[in-house]
1. Is at least one residue of segment 66-80 in a helix (DSSP H, G or I), open to solvent by 30 Å² or more (accessible area, probe 1.4 Å) and at pLDDT 95 or above?
2. I'd like to verify a number: residues in segment 1-55 that are modelled with pLDDT of 95 or more, at negative phi, of a type outside the set (D, E) and open to solvent by 30 Å² or more (accessible area, probe 1.4 Å), how many?
3. Please tell me if Q104 is over 21 Å from N52 (Cα atoms) and polar (S, T, N, Q).
4. Of everything in segment 121-155, what is of a type in the set (K, R) and either part of a helix (DSSP H, G or I) or touching an Asp or Glu at 6+ places or on another chain (Cβ under 8 Å) (or both)? Give them in sequence order.
5. For I131, all conditions in the list (1) within 12 Å of ligand 1 (Cβ to nearest atom); (2) open to solvent by less than 50 Å² (accessible area, probe 1.4 Å) hold save one; what is the number of the exception?
6. Quick one: A117 ticks every box in (1) surrounded by fewer than 19 Cβ atoms within 10 Å (Cβ to Cβ); (2) of a type in the set (G, A, S); (3) closer than 23 Å to T33 by Cα except a single one, so which number is it?
7. Just to be sure I understand the filter: pairs with C-beta atoms under 6 Å, separated by 6 or more residues or on different chains, first member in segment 124-137 and closer than 24 Å to Y114 by Cα and within 9 Å of ligand 2 (Cβ to nearest atom), second member hydroxyl-bearing (S, T, Y) and at pLDDT 95 or above. Which pairs pass?
8. Which of the residues belonging to segment 81-114 are exposed (fewer than 14 other Cβ atoms within 10 Å of the Cβ), within 16 Å of ligand 1 (Cβ to nearest atom) and small (G, A, S)?
Amino acid sequence: MAIELTINGKPVQVADEPDTPLLWVIRDSLGLTGTKFGCGMAQCGACTVHLNGSAIRSCITPVSAVAGQSITTIEGVSENGLTPVQQAWIEEDVAQCGYCQSGQIMSATALLAYNAAPTDKDIDDAMMGNICRCGSYPRIKKAIHRAAELAREVK
Ligand code: FES
Ligand code: FES
C-alpha cells in the first residue's frame with residue numbers, strides 16, 4: 001500500500017515497504033541524492049533531514065513512522081536563494097570533501113530555528129552527532145555563529 005509523505009512541501013506517495021529506511025526512500029525512490037548514506041546506524045549524521053523542522057537520522061527511521069508528516073531534505077531547505085546557513089558556509093569556506101556537509105547544514109539549520117544566538121556549547125551539543133572525517137569542525141562552528149549574525153541582519 002502506498003505511503004503518503006510531504007517532501008520539501010510537496011505531497012508524494014511511495015510504494016516502499018513500511019520498514020524501508022526513510023533514507024532509501026529519499027535517495028532511491030525519490031531521487032533526492034543530496035542526503036548521504038554514511039554509517040546506517042545513527043552514528044555519523046550524514047543522512048540528517050528535518051521531520052517537522054527537527055533534525056532526524058533518516059537511516060534509522062522507517063518510512064511508515066513518518067507517514068503523513070513533513071520531511072525537508074537539503075534540496076528543500078531553501079525556497080529563495082541561499083539561507084543564512086548556506087551563505088555562511090560559503091563565506092567560511094566550510095566544506096572539504098563535502099560528503100558530510102548536507103547533514104551538517106540540516107543540523108545547523110534546525111539548531112538556529114530554535115536558538116537564534118547559540119553559544120559554542122550549544123553548537124557542540126547540537127552538532128555532536130554529525131561526524132566530519134575531514135575535520136571541518138572549527139569552520140562549521142564559525143559558520144554557525146556567522147549564520148546567526150546573518151539571520152539577525154535579515155530581521
Ligand atoms: S547514515 Fe545515518 S547517521 Fe550515519
Ligand atoms: S567535509 Fe569531508 S567528511 Fe566532512
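The values are calculated or read from the model by the stated rules, or taken from the named source; none is laboratory data. Here the structure is a predicted model, which means the values were calculated and not measured. Positions of Cβ are backbone-derived with ideal geometry, glycine not excepted, and every protein chain shown enters the neighbour counts. Remember, those area values only see protein heavy atoms, side chains included, never the ligands or the DNA or RNA. Shrake-Rupley method; radii C 1.70, N 1.55, O 1.52, S 1.80 Å.
1. Scanning segment 66-80 turns up at least one residue that is in a helix (DSSP H, G or I), open to solvent by 30 Å² or more (accessible area, probe 1.4 Å) and at pLDDT 95 or above.
2. Of the residues in segment 1-55, 23 are modelled with pLDDT of 95 or more, at negative phi, of a type outside the set (D, E) and open to solvent by 30 Å² or more (accessible area, probe 1.4 Å).
3. no
4. K121, R139, K141, K142, R146, R152
5. I131 satisfies every listed condition except (2).
6. Against the list (1) surrounded by fewer than 19 Cβ atoms within 10 Å (Cβ to Cβ); (2) of a type in the set (G, A, S); (3) closer than 23 Å to T33 by Cα, A117 comes up short only on (3).
7. Pairs that qualify, where the first residue is closer than 24 Å to Y114 by Cα and within 9 Å of ligand 2 (Cβ to nearest atom) and the partner is hydroxyl-bearing (S, T, Y) and at pLDDT 95 or above, are N130/S107.
8. Answer for segment 81-114, where residues must be exposed (fewer than 14 other Cβ atoms within 10 Å of the Cβ), within 16 Å of ligand 1 (Cβ to nearest atom) and small (G, A, S): just G98.
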